[in-house]
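Can you keep this structure in mind? I'll have questions shortly.
The values are calculated or read from the model by the stated rules, or taken from the named source; none is laboratory data. From a predicted model like this one, the values you see are computed outputs, not experimental measurements. Neighbour counts run over all protein chains shown; Cβ positions are idealised from the backbone, glycine included.
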Amino acid sequence: MTVPPAHGSSARVDVDGDTSDARFAPNVPLQSRDRAVSTVLGYVLTLGITAILVGGLMMAGGQFVGDQRERVVRSELGVVAERFATDLESADRLAAMDGTDAVEVESRLPARLGGVRYAVTITDEDVRTDQPNTYTIEVTTRSDRLSETVSTTIGLESQLVTDTHRGGDLAIVLTGTGPLTLEVQDG
Amino acid sequence: MADVGPSRGPPDRGSGPPRRIAGSDGDRGQLFVVTALTLGVLFVVLALLLNTAIFTENLATRSTDPGVADAIEFRGSLEESVGDVVVATNQRYDTTEGTLANGLETELANWSELALRQSIADGHAPSVTVDSVAEWGGQVVQNDSTRTFTDAAGDEDWDVVLDAEQLRSFNMTVRQTGLASADRPDETTTSGFWVELSGDGGDTWRLFATDNSTDADDYIDLHVRTGGTVTMCTDIRERASIDLVGGVANGSCSFTSPLSVLSTPIDVRFVNGGDATGRYRIAQRQDEPVDADGQETELETAADFEDEFSDPYPSLYATELIWTVRVDVIYRGPDVHYEGEVLVTP
């Protein structure tokens, strides 16, 4: 894009040393109108192209950030599911020891994953897997914008009360010894 | 890019104020400001996401144990550590059941206090208390090393223990003084001292202690005969410390343990006990009818011993023994709370 110089380059010098701008010379009236139009057009084009570039940058950046966020949340859901399953198995090991009267294990989990709340759901899988005391731990985001679920399956010696809990610190408590029953409570 | 330099405006025509183009001066930078702010927000969000990702990786690589392993380890160690307390209590308070039970409470409280002091630095607070004595056994003790291996009445051949369902320990120290000499001692030819253990099926295990002294030094030879095999521990100086249950003499010479070849119940008999002097302690449990307190009672051979309350202190006596104890355990960690009951048999 070339914008004709508004002044300076087309200045001329009279023989007597006076300077004057060519735009105000009486024999070039059309050039003056062209200059005004090209200045406005120049700005419009400049701003338009800039807006397109910036918009594209923001769209690409936004998409990139969104993708990264999903990836991070999905990864963290998996970590949380595995950690919670491990804590359940640890509590189960304690509960299954001879002579155990009381067990309480605190499962320290983050309240949000990538800024999104989540829920932990325990489902009985005895029938599906044909194995006693088999459970699926499902960790699901609680957000309209981001819907992700990660699950893992564990086998315990104790029975586990099936329920859904808000993400965050949870307590695994032995609530029965005959048969062994573990219950997850909000911490 | 848009021009953000100072506005130069149209040239002065010589009269009036300079003309301005609407929206081209102060408003020119708005697009940049909006862009910069938007990009700034994007970068902040990206930084937060990066932080979350790092936290996730950190979380994933942290130890997954909330402290349960420590609790299980502590509970598992009770069997050994409290077992040692029980053994020490049996030796220190070997008089009556009441004394033993009270002694165990005292000793275990001391042990629990020490365990708490050690663990508290790591953030754990264990507590162990005696719930009850689950099983009683009996122990035979001779604590005078100059006394012969005879019974209280002076009989040289006598049954020390009859029908022992379990033999926890049988330790004896035999002095060289008084032992008879024999090259190949056995039950038919030897007039010297031996210990005989008989199993339920009629199998026997015998340990012969003989003198093998030279002019210069006093030596003891041990011969263990069982099932046609003979194991010898020779040239033991002056006194032999024998762990019959563990099958080792003076900590170095191994022989066949009677528990590995005999079936229960087991009888323990001393033969020619007048030929040997030394100490011994036998801890055993019999399947006897329980008394009114629900505790197993006396040794069948109780009449062969001195009164454990005699004055002066008896050198050969039989008393009760704490065989199995039930202890209550409370373990508190940062993220773990455990309560349980553990049966401890040393």
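Would you check if A:Gln68 is over 30 Å from B:Asp70 (Cα atoms) and at the interface with chain B (Cβ under 7 Å from one of its Cβ atoms)? Walk me through how you get there before you give the answer.
Values: over 30 Å from B:Asp70 (Cα atoms): yes; at the interface with chain B (Cβ under 7 Å from one of its Cβ atoms): yes.
The answer is yes for A:Gln68.
Still on this model: I want to confirm something. Restricting to region A:92-111 and keeping residues that are part of a helix (DSSP H, G or I) and surrounded by 20 or more Cβ atoms within 10 Å (Cβ to Cβ), which single residue is nearest to the other protein chains (Cβ to nearest Cβ)?
A:Leu94
Which members of region B:197-222 meet the condition of being more than 32 Å from the chain's Cα centre (by Cα), part of a strand (DSSP E or B) and either touching a residue at least 24 places away in the same chain (Cβ under 8 Å) or over 17 Å from B:Asn272 (Cβ atoms) (or both)?
Matches in region B:197-222: B:Phe208, B:Ala209, B:Thr210, B:Asp211, B:Tyr219, B:Ile220.
Take the conditions in contact (Cβ under 8 Å) with a residue 12 or more places away in the chain, in a loop (DSSP other than H, G, I, E, B) and touching a Leu at 6+ places or on another chain (Cβ under 7 Å) and apply them to B:Gly192. Does it pass?
Details: in contact (Cβ under 8 Å) with a residue 12 or more places away in the chain: yes; in a loop (DSSP other than H, G, I, E, B): yes; touching a Leu at 6+ places or on another chain (Cβ under 7 Å): yes.
Yes: the conditions hold for B:Gly192.
May I pose another question? Please state which of the following conditions A:Gly114 fails to meet, knowing it meets all the rest: (1) within 30 Å of B:Leu31 (Cβ to Cβ); (2) within 8 Å of chain B (Cβ to nearest Cβ).
Of everything listed in (1) within 30 Å of B:Leu31 (Cβ to Cβ); (2) within 8 Å of chain B (Cβ to nearest Cβ), A:Gly114 misses just condition (1).
Would you mind finding the one in B:Thr56, B:Thr35, B:Thr52 that is closer than 16 Å to A:Gly61 by Cβ, facing another protein chain (nearest Cβ under 10 Å), at pLDDT below 80 and surrounded by 12 or more Cβ atoms within 10 Å (Cβ to Cβ)? Walk me through it before giving the result.
Details: B:Thr56 fails: closer than 16 Å to A:Gly61 by Cβ; B:Thr52 fails: closer than 16 Å to A:Gly61 by Cβ.
None of the others qualify; the one that does is B:Thr35.
Right, here's the next one. Is it the case that B:Leu116 is more than 11 Å from every other protein chain (Cβ to nearest Cβ), under 26 Å from A:Thr100 (Cβ atoms), surrounded by fewer than 15 Cβ atoms within 10 Å (Cβ to Cβ) and hydrophobic (A, V, I, L, M, F, W, C)?
Numbers: more than 11 Å from every other protein chain (Cβ to nearest Cβ): yes; under 26 Å from A:Thr100 (Cβ atoms): yes; surrounded by fewer than 15 Cβ atoms within 10 Å (Cβ to Cβ): yes; hydrophobic (A, V, I, L, M, F, W, C): yes.
Yes; evaluated as a whole, the condition is true for this residue.
Please enumerate the residues belonging to region A:81-91 that are within 14 Å of A:Val120 (Cα to Cα) and more than 8 Å from every other protein chain (Cβ to nearest Cβ).
If the condition is that a residue be within 14 Å of A:Val120 (Cα to Cα) and more than 8 Å from every other protein chain (Cβ to nearest Cβ), then A:Ala81, A:Phe84, A:Ala85, A:Leu88 are the ones that fit.
Also, I was wondering about something else. Out of B:Thr189, B:Thr234, B:Thr173, I need the residue that is over 22 Å from B:Ala283 (Cα atoms), surrounded by fewer than 18 Cβ atoms within 10 Å (Cβ to Cβ) and either modelled with pLDDT of 85 or more or small (Gly, Ala, Ser) (or both). Which one?
On the way: B:Thr189 fails: either modelled with pLDDT of 85 or more or small (Gly, Ala, Ser) (or both); B:Thr173 fails: over 22 Å from B:Ala283 (Cα atoms).
One residue alone meets the criteria, B:Thr234.
Restricting to region B:69-95, count the residues that are assigned to a helix (DSSP H, G or I) and over 13 Å from B:Gly340 (Cα atoms).
18
Here is a follow-up. Filter region B:96-112 for residues that are in contact (Cβ under 8 Å) with a residue 60 or more places away in the chain and either of a type in the set (D, E, K, R) or assigned to a loop (DSSP other than H, G, I, E, B) (or both); which is surrounded by the fewest Cβ atoms within 10 Å (Cβ to Cβ)?
The selected residue is B:Thr96.
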